[in-house]
1. Tell me, what ³J(HN,Hα) does each residue in segment 281-290 have, in order and in whole Hz, if you take phi through Karplus 6.51 cos²θ - 1.76 cosθ + 1.60 with θ = phi - 60° and put x for Gly and Pro?
2. For the chain, give the magnitude of the charge dipole about the Cα centre (Cβ charges: +1 Lys/Arg, -1 Asp/Glu; no others), in debye to the nearest 20.
3. Here is the link list: LYS171/LYS208; LYS208/LYS260; LYS171/LYS212; LYS212/LYS295; LYS260/LYS295. Which ones come out longer than 21 Å on Cα distance?
4. Would you mind checking the tilt of helix 312-324 against the longest principal axis of the Cα atoms of the chain, expressed as 0 to 90 degrees and rounded to 10?
5. Name the long-range amide H neighbours of GLY153: under 5 Å, sequence gap of 5 or more, or other chain; modelled H, no Pro or chain starts.
6. Students often check this: by mean Cβ neighbours within 10 Å, which of 223-234, 244-255 ranks highest, and how do the rest follow?
7. Going by Cα centres, segment 152-171 and segment 78-120 are how many Å apart?
8. Using only the alpha carbons of segment 19-170, determine the length spanned along each of the three principal axes and report them from longest to shortest in whole angstroms.
Amino acid sequence: SDEPLVLGIETSCDETGVGIVRGHTLLADQIASSVEQHARFGGVVPEVASRAHLEAIVPTMQRALDEAKVTLNDIDAIAVTAGPGLAGALLVGVAAAKGYALAADKPIYGVNHLAAHVAVDTLEHGPLPEPAVAMLVSGGHSSLLLVDDLTAGVTPLGATIDDAAGEAFDKVARLLGLGFPGGPVIDRLAREGDRGAISFPRGLTAPKDFAKHRFDFSFSGLKTAVARWVEARERSGEPVPVADVAASFQDAVCDVLTAKALDACREHGVETLIIGGGVAANSRLRLLAEERAAKFGIRVRVPRPQLCTDNGAMVAALGSHLVAAGVAPSRLDLPADSAMAL
Ligand code: KG4
Ligand code: ZN
């Protein structure tokens, strides 16, 4: 094949990821995670993440090259997440990418992490129909984006004004004593619960929020409402129906996410909704999005869970898109930008 072979490096949070793609074909996707080192803190500790990336980056790189059965010399371009993310964590990936690019004389592309979460869907479903709306929901971000032209970036429509959706899952799991990360546990437990058991608040959906926060999210009030409800139960001496709380909480999150995402699609006359980020693995979110989208003739594209969470393949996918579009590479002195705009 004469399509370019692109390697992607991702170190913006707690996953050290290296992926290799040719065109839209995934050849390697290697990940080393420091999630267990953060578990006892109930969230990612930046200093611990940076150190873990430094230890993992070279072996993960080697495993990816082995998996794709190529050498660094075969690679046509190296893409790396330059932001947004944890500053120290980003620096490890960016410095490593520069080292490899310099050593092997390859072009380097510093890319945006959120745009990469969108681009990864091309590995699962082929070229992106543009325009599309993307909803990215993870432990670090909850955003609605308009994707007109991925090479030029993406346009933010809205974002969380407090906690990210995944953060809400993690905090509620913690207060229910379910461990970290909370999303997968709540997802599993919610299947045994009644999602209509407790009526939890839907943040920023009141008519008064429409003008200013139509496509924004708020999950911190929901988290507080769950905490109050559980405390009241405990005070009353009655057992806490953990599965019902999990199901009702999950439904509140998924209801708001899908309603706003589809509202954004309709407002912008878009027929494709892409969902990505760790929370996109949620079974209720996938089901509700499909059900509601079908009513409006909107197609939902969700990559498989392994590609939804942070990984190197998504960075390679965006890099491949940029190379194919003839976008000029970054300079070798490209900075990492923890607050990178879209
Ligand atoms: O994208 P990701 O791996 O890392 C970043 O935060 O960037 O997302 C991790 C987040 C965590 O908050 C985790 O609880 C959540 O995604 N998550 C889920 C599920 N699987 C992972 N949330 C809800 N349901 C799930 N099945
Ligand atoms: Zn992410």
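Every number here is computed from the coordinates shown, using simple stated rules; none is lab data. All values derive from a computational prediction rather than experimental measurement. Counting neighbours? That spans all protein chains shown, and the Cβs are built from the backbone with ideal geometry, glycine included.
1. 6, 5, 5, 5, 4, 4, 5, 5, 4, 4
2. 720
3. Check vs 21 Å cut-off fails for LYS171/LYS208; LYS171/LYS212; LYS212/LYS295.
4. So the helix axis and the longest Cα principal axis differ by about 50 degrees.
5. none
6. 244-255, 223-234
7. Each part's Cα centre sits 22 Å from the other's.
8. Largest to smallest, the principal-axis extents are 44, 42, 23 Å.
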